[in-house]
Structure formats: C-alpha cells, structure tokens
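The values are calculated or read from the model by the stated rules, or taken from the named source; none is laboratory data. All of these numbers come straight from a predicted model, not from anything done at the bench. Reconstructed Cβ throughout: ideal geometry from the backbone, glycine too, with neighbour counts over all protein chains shown.
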C-alpha cells in the first residue's frame, strides 16, 4: 500500500519525477555522495534529510549535514500553530519556525493536540533549535488505549536520547529512559508514579540535564536521577551518557502497530485498536500539550555553550568534545541543498527545486521497524548488553577524547481546529513514508 502512495506524492512534486528507493545508511554503510545525508530514519538524501535528525556519522561526510541552530531560552505557549512548519516547508531557518514536524497537529482550548487517525502513525513535532544540556519542562495530558504511546523526549542527531514516555494502558506512571548514541540497553529505563490519571489531568514533566547527571521530575518533584559517573563502559572505555545537542521532540505514535516488533507491541500494552471508543467518539487518538519551556545550560565555551549560531561535529566519535559552537549558516536555499552545497537550487522560484526527489522529505521511505516519534530502538521488549560505536576514550573528566567510530473526522475532538498549512505533499509523502515500517 505504501509503495502505491509514494508515486502519487512524487507526482505532486513533478510530473517528470522518477520514483527511486532512497539508499539506506548505517555506521557501516554510509550515504553516497549524490545523496549524502543520513536522515533520522536511516535513509540517504538531500534537502530536508540534511536538516534536523541528519546523522553525520552515517552520512557521506561530517559536513554533509547542515549545522544545527544553537540553543535558545524560550517558552512555547502551545496556543498557536503560527510558528509550526511541516517538514516539507522548512529549510532550516529557526527564526521563522519554533517547531517542525509531520502528521496532524490541531488546536483545542489554548493547547496543541497531537493526533493519530486510524491506520496512521501519528504526529511528531521537534524544536528547530537544539538543546545542549539545560532544563526542559512540559505540561501534558497523555493519550490512552492499548498500543498508543505519548512521548516527550530529547533526541540528538547522533541518537543521544533522554525520554519521558507513556503507554496508554498505564495512566498512573511515566516511563523514563536514556540512550547513548542509540545503543539499546533496556536496563536504562525506570518508572515514576504519577499522582492522578495522566489522560484526564495535566501534569508537568521536566528533564534537568547537565554534563554530570540527568534528573526527571513530575510536578516539581524529583522522580529519578542518573549520574554520568554511573554510566562508565569499561569495555568501550567511554561514558555511555547522553552528551550532544538534542531537539525537544513531542509525539503520539502506535507502539502497538501490528508490524512492529513483538517486544515493542508487548511494551505498548498490545496491538492497537483502530475501532476503539476513542476513534469512534473523536476520529483519532490524541495527546494534549500545554506550555513547554526550554532553559539552556549556562556555559560560555565548550560543552553546553550556545554563544554563536550553530553546532556541528568535527570528529566521527560524536561525543561532547567533538561538538563545535560555530558561526556556520543553517539555512538551505532549496531542497536540493546539503551541508556541502547549501545554495543548490537557490535560483528556483519559491526556493524549492522542480523535480525534487523523495529524498527531499525525511521519512519518505523509513527504515523498517523505525517509528517516528518513538525515539531510538524500535524493539523495546528485549534487554541487551551495552555495546559501543567508539573506543579509546579518556577517563579523565567528561570531555571524552575518542578514536574513530568503527562501525479527524467532522466533530473532531472537542472542536479542535485543523491546521490549514499542511500541503498535499506533506499528507501523501509524510504519512505514506511514516507508515513504511
């Protein structure tokens, strides 16, 4: 079904476009020069693939990804979608948008609803600027129902991750987790009890992240702390601790999708019910997001700094001492551009390239098993030992010196307002691509 939708989406881009499967990418299979950027979903391309989520370790070169806008202290009221852009409309200018995403965000009663219609994979929004340590807190009412997952996470381009997640069958607990460079270690998880039903009641969830520890809070009370000193990996000779710039990412996604790994389905409470009362009453599952506040870490230089314009990596190890706070530009002229040629297609009217390929939309052909908004590993059910992608790191302090990496229907929820800015391209390619699991 997905392959039948993709040609339609491409036809909307250009009648002469030719359908092509974007190359896959990994630590051992980097992107080719003609499609140099490895997206968050493990596919190579240009344009939006080179923006948020682009992994420099898996791309053609470290400079293939566009530099990421630095952290900014900001409070997002979440009472408007004026500062939101669909991924098909965003070229990297964070002064024009606070959030970029895919799916169907709606407005209701001064808050944003993230929705998941039947047979879709939900909605994901990410900040356009990156947080390199600091505090972030959000007021949230979660979704509910088996297989339905709400997420509030910090997610980095090199797969460093800090999570709050809620499964729809347990409305009295918030699940927390963290990953270093996407390496699956399910011993990293831990639950925090919540005082009242997370679907019916707003709670404030907060992550405080420094170079030395992560603290998760609920309604201002500390629920869990993880110290960097507890994460030393003697085999890899490095700290297995999130340490690189991340975007704040909020989402609703189907952990219980039938095509997901069994461990993910079990973790999410079972196979999702597309005929549930939630779907019958409202037309979709939804999660409600109120005010979100980002406070950047206070550092004038080195890890956590944000005194210039953008972040990039100068070493494939992708640890905190390889991040450069720079004055490099962050904006592409068109979806034909990349970090090494940011002006490509710039003379095309409207700033987008005629004949653009599927690679211009990240998620246009997802890596099997990868669920947008779901964070790092796709199979949440099996515990595995911690392995590493880098070696030879210094144990002194937390500035690691590492060697090269080796490897809706009408009558929708309570009068919610639909966004009008999402293009047909975003609906067809965004949703079709996200469904490719």
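Worth a mention:
- Criterion (modelled with pLDDT of 95 or more, crowded, with 18+ Cβ neighbours inside 10 Å and not in a loop (DSSP other than H, G, I, E, B)) met by exactly one of 229, 251: 251
- Residue within the stretch 294-304 that is within 19 Å of the chain's Cα centre (by Cα), crowded, with 23+ Cβ neighbours inside 10 Å, assigned to a strand (DSSP E or B) and on the phi < 0 side of the Ramachandran plot present: no
- Top-ranked residue of the stretch 1-26 - restricted to ones that are buried (at least 17 other Cβ atoms within 10 Å of the Cβ) and at pLDDT 75 or above, ranked as nearest to residue 246 (Cα to Cα): 25
- Residue selected from the stretch 117-133 under the condition touching a strand residue (DSSP E or B) at 6+ places or on another chain (Cβ under 7 Å), farther than 25 Å from residue 310 by Cβ and not in a strand (DSSP E or B), by the criterion modelled with the lowest pLDDT: 121
- Any chance residue 308 is surrounded by fewer than 18 Cβ atoms within 10 Å (Cβ to Cβ) and part of a helix (DSSP H, G or I): no
- Filter result for residue 106 (farther than 30 Å from residue 302 by Cα, modelled with pLDDT of 95 or more and either within 17 Å of the chain's Cα centre (by Cα) or not in a loop (DSSP other than H, G, I, E, B) (or both)): yes
- Spans of strands (runs of 3 or more DSSP E) in the stretch 176-218 with at least 3 residues closer than 25 Å to residue 304 by Cα and under 18 Å from the mean Cα position of the chain (by Cα): 203-209
- Meets criteria (modelled with pLDDT of 95 or more, part of a loop (DSSP other than H, G, I, E, B), out of contact with any helix residue (DSSP H, G or I) (no Cβ under 8 Å at 6 or more places or on another chain) and closer than 27 Å to residue 293 by Cα) for residue 71: yes
- Yes/no for residue 49 being within 22 Å of residue 323 (Cβ to Cβ), modelled with pLDDT of 95 or more and in a loop (DSSP other than H, G, I, E, B): no
- Scanning the stretch 134-170 for residues that are within 25 Å of residue 27 (Cβ to Cβ) and assigned to a loop (DSSP other than H, G, I, E, B) turns up 157, 158, 159, 160.
One line per residue, one yes/no per condition, for (1) over 18 Å from residue 247 (Cα atoms); (2) surrounded by fewer than 19 Cβ atoms within 10 Å (Cβ to Cβ):
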| site | (1), (2) |
| --- | --- |
| 78 | no, no |
| 83 | no, yes |
| 91 | no, no |
| 95 | no, yes |
| 103 | no, no |
| 111 | yes, no |
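- Enumeration of residues in the stretch 262-273 that are surrounded by fewer than 18 Cβ atoms within 10 Å (Cβ to Cβ) and in a loop (DSSP other than H, G, I, E, B): 270, 271, 273
- The number of residues in the stretch 27-41 being modelled with pLDDT of 95 or more and surrounded by 14 or more Cβ atoms within 10 Å (Cβ to Cβ) comes to 8.
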